[in-house]
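Below is one structure; the comments refer to it alone.
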């Protein structure tokens, strides 16, 4: 089975959107991990005066984490799946949060005037895009100098044990659950996309090649340790004045 890409992947997410929140709620630590990654951005003053981008927001779980980490920030959330966005939009949000139906690539190439952003948060995005390097280059263009970046991503440590655990969880839990909801192809894609994607050291190196600086990798807690990581970086080195602002 090949990986789902572009419109095929968006359609699969559209179909799965009505059960997506329920299935992710069964994953111990799913929302806690997102919140921990958002807080690792270490945004000052509860985000007051900052404009943040949630790239690949899905049903809004990552947006909610970003809002909890920076409750006074203005947030633009973007996703390629109309179905996932419909689920996000029925939830209560403050007026400073808005949602746009665009792919990450479309947003980066058609909405340059939206930036610059003070921080970009991307959860479970990069292994699902056709050209992650192009999206990373776009992220740099969207970020102001010294701006912060965090990716929360399934990216295996490189340990055979972590890879075996991921495959066992997918075969024993994730794919059977997805099959019951009629979304087997999406959750088979999930298993394969994680195995095919960069290991954590490889993705960190990819961030550095893209020109991001101060790259750090932190594992999430719980059973997903070694399977999901937070990747933190900056867009260049901030000046002293910029560091005081952000």
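Computed from the coordinates by the stated procedures, all read-outs in this text should not be read as laboratory data. Keep in mind that this is a model prediction, so the values were computed, not measured. Don't worry about glycine lacking a Cβ; one is built from the backbone with ideal geometry, like all the others, and counts go over all protein chains shown.
Quick look at the values:
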{"quantity": "Helix axis angle, 132-142 relative to the chain longest principal axis, alpha carbon, degrees", "calculated": "30"}
{"quantity": "Pairwise label distance in nanometres, residue 110 with residue 202, each label 7 Å out on the Cα-Cβ vector", "calculated": "3.2"}
{"quantity": "Burial ordering of 51, 229, fewest other beta-carbon atoms within 10 Å first", "calculated": "51, 229"}
{"quantity": "Separation of alpha-carbon centers, segment 137-216 and segment 1-79, rounded to whole Å", "calculated": "14"}
{"quantity": "0 to 90° range, to nearest 10: angle between helix 160-169 axis and the chain longest Cα axis", "calculated": "60"}
{"quantity": "Helix axis angle, 184-196 relative to the chain longest principal axis, alpha carbon, degrees", "calculated": "60"}
{"quantity": "Equivalent ellipsoid semi-axes, segment 41-198, via Cα gyration tensor eigenvalues times 5, rooted, Å", "calculated": "28, 18, 15"}
{"quantity": "Pair-distance profile P(r), taking every C-alpha pair of segment 111-228, with 5 angstrom steps and integer %", "calculated": "2, 10, 19, 21, 17, 13, 9, 6, 2, 0"}
{"quantity": "Relative packing of peptides 147-157, 14-24, 29-39 - highest average C-beta neighbours within 10 Å first", "calculated": "147-157, 29-39, 14-24"}
